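Worksheet: the structure to be examined is printed underneath.
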Amino acid sequence: MPNLPRPRLRRSPRAALPDAAVQVEPNVEIVEHDGLRWINIERPGPVDRAWLEEHFEFHPLAYEDVASRNQRPKVDEFADHLFIVLHFPVFDSAVGRLNAGELDIFIGQDFLITLPITPLQPVEYLFERCRSSEEFREQLLSRGSGFLLYKVVDDSFDYCFPMLRKMGNKLDRIEEEIFLEQAGEDIVRDISNVKQEIINFRKIIRPQRPVLRDLERTKQVYLAEDHELYFDDVVDASERIWDMLENYKEVVEALEETNESVISHRLNDILRVLTAFSVVLLPLTLIASVWGMNVRVPGEHNIHAFWIIVVSMVALLVGLLAYFRRRGWL
């Protein structure tokens, strides 16, 4: 799958994240405005989790979920905060396919903690804008932790649409190339690749649909009255993504069936031509075999008989070809 468009904002250079085995300082980034803190910890390791346990009294099961790498999307509701696990599609160039990028989130009245298990460009871009622009930071964080959560989730879902457009363009290209004479194994391979991408995308989006409805129900305490409709927009975006995936699934299945029909039709054409030539050559072979027997035959040792046989064979050949052509068999 082609690489996704990169954000235009230039990020300040940062050192590569240390391995968990040698990490000594927590990889914690914080932006703050008007008492609201946004804490971003990318690929949290043991040191980062220890920092969280030191500064926040979250439930031990939530910390276990952060340490785990196999969590399903969910919303856990606690007395003074929510713990949210969401998945978003991330293209892994190393293996050439879509994988699920996990995003763990803690949200309370005065904080939002995002913990991308794998780098997520929308979260990185939004956090960098908050850190580099005081005006944008004030505009975003002054509206409360609920609105900040909406913005993070909404940007992450919006980032799915370029991937879907690339899938749609690939399906359109396959549809155009499927009837070309030189189309062969490449078309089969392309159909298989895009079908696998759609399946992986559906695996990521499907379990999140009920989770977003749960989030829509539990987010009320963190939103102002005029912000309640924002999470409806996130649910709508998720449903649009699912509808597009359903449409792409039907399209790729139809393309697969069409390609099989085209291959079958081409094979039938080849077999029809070969069968017609076999039938045309069969009587000529019979005539040549009869006059080639090691017995006495009419016209033996007569040059005129040879030419009569040759002309008869040519006439028979032309007659059969004309007949097959008229019947549409050639």
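What to note about this one:
- Subset tally (residues that are hydrophobic (A, V, I, L, M, F, W, C) and open to solvent by less than 80 Å² (accessible area, probe 1.4 Å)) for the range 252-275: 5
- Residues located in the range 116-138, provided they are within 23 Å of residue 34 (Cβ to Cβ) and in contact with a helix residue (DSSP H, G or I) (Cβ under 8 Å, 6 or more places away or on another chain): 123, 125, 126, 129, 130, 131, 136, 137
- Residue among 179, 111 that is hydrophobic (A, V, I, L, M, F, W, C) and open to solvent by less than 50 Å² (accessible area, probe 1.4 Å): 111
- Single match in 48, 80 (criterion: open to solvent by less than 40 Å² (accessible area, probe 1.4 Å) and not in a strand (DSSP E or B)): 48
- Scoring residue 90 on the criteria (1) at pLDDT 90 or above; (2) assigned to a strand (DSSP E or B) leaves a single failure, condition (1).
- Scanning the range 276-289 for residues that are open to solvent by less than 60 Å² (accessible area, probe 1.4 Å) and within 50 Å of the chain's Cα centre (by Cα) yields a count of 1.
- In the range 123-139, the residues that are open to solvent by 20 Å² or more (accessible area, probe 1.4 Å), in a helix (DSSP H, G or I) and free of Cβ contacts under 8 Å to residues at least 40 places away in the same chain: 134, 135, 136, 139
- Pairs with Cβ under 7 Å, 6+ apart, first in the range 272-287 and over 23 Å from residue 307 (Cα atoms), second of a type in the set (A, V, I, L, M) and surrounded by 12 or more Cβ atoms within 10 Å (Cβ to Cβ): 273/330; 276/330
- Filter result for the condition that a residue is out of contact with any Asp or Glu (no Cβ under 7 Å at 6 or more places or on another chain), open to solvent by 50 Å² or more (accessible area, probe 1.4 Å), farther than 15 Å from residue 40 by Cβ and of a type in the set (Ser, Thr, Tyr), over 142, 93, 68: 93
The values are calculated or read from the model by the stated rules, or taken from the named source; none is laboratory data. Keep in mind that what you see is a predicted model, and the values were worked out from it rather than measured. A quick note on method: Cβ atoms are made from the backbone with ideal geometry, for glycine too, and the neighbour counts reach across all protein chains shown. Surface areas here come from the heavy atoms of the whole protein model, side chains and all, with no ligands, DNA or RNA. Shrake-Rupley method; radii C 1.70, N 1.55, O 1.52, S 1.80 Å.
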